[in-house]
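Have a look at the structure below, then the notes.
Values in this text are rule-based calculations from the coordinates and carry no lab data. Owing to the predicted nature of the structure, the values given are computational and were not obtained by experimental measurement. Because the Cβ atoms are built from the backbone with ideal geometry, glycine has one as well, and the counts that use them run over all protein chains shown.
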Amino acid sequence: MASTRNKNSIRDYSSEQRIFQDINSYQTFQNSAYGEAHTTNLPGLGFNCASIPREKLSGNPIDIESTLFGIGSTNLVEPQAPVHPQLNCIKHKDIIDKVEFVMPEPLVIEKNQRPRPLN
């Protein structure tokens with residue numbers, strides 16, 4: 001007996017496959033909101049703190065992390081070689097231009113200029 005449901009039609013099947021492909025390409029897109037940035041910068045003036053992937057901070061993040069946690073430090077059979085960090089130089093990115101602070105040359109603080117004098 002042939003199926004009479006719309007679910008088994010050729011167009012419905014191709015539509016579902018296109019939806020699955022769109023979802024897959026959205027989730028696996030490298031520069032998506034959950035992926036890597038096009039250019040990595042440290043937050044400067046006007047930004048909140050960011051989460052930066054460890055691969056962007058150094059060239060050997062796993063070796064550095066293993067050394068910091070002491071993984072393999074008590075291995076007497078095969079002692080670890082010293083780790084030399086390969087740190088990446090990352091630029092800062094600012095949104096707001098910092099205004100220069102202007103301090104008067106002879107700074108005079110007068111005691112009678114408070115709105116409510118303190119004891």
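Summing Cβ point charges (Lys, Arg +1; Asp, Glu -1) relative to the Cα centre of the range 40-95 gives a dipole of roughly 260 debye. Between residue 24 and residue 98, the contour length at 0.36 nm per residue exceeds the alpha carbon distance by 22.4 nm. A cut-off of 5 Å between modelled amide H atoms, ignoring neighbours fewer than 5 places along the same chain, links residue 47 with 95.
Here the relative contact order of the chain, from alpha carbon pairs under 8 Å that lie six or more residues apart, stands at 25 percent. Dividing the summed helix terms, -39500 (n - 2.57) for each DSSP H run of n ≥ 4, by the number of residues in the chain produces a 222 nm estimate of -7500 deg cm²/dmol to the nearest 500.
Give me the number: length gained by fully extending residue 105 to residue 37, i.e. 0.36 nm times residue separation minus the C-alpha to C-alpha distance, one decimal in nm.
19.9 nm
Under Stokes-Einstein, with the Kirkwood radius over Cα pairs as Rh, the value for the range 17-92 at 25 °C and 0.890 mPa s is 155 µm²/s. Proximity of backbone amide H atoms, modeled 1.01 Å from N, is registered between residue 60 and 86 at under 5 Å, excluding neighbours fewer than 5 places apart on the same chain.
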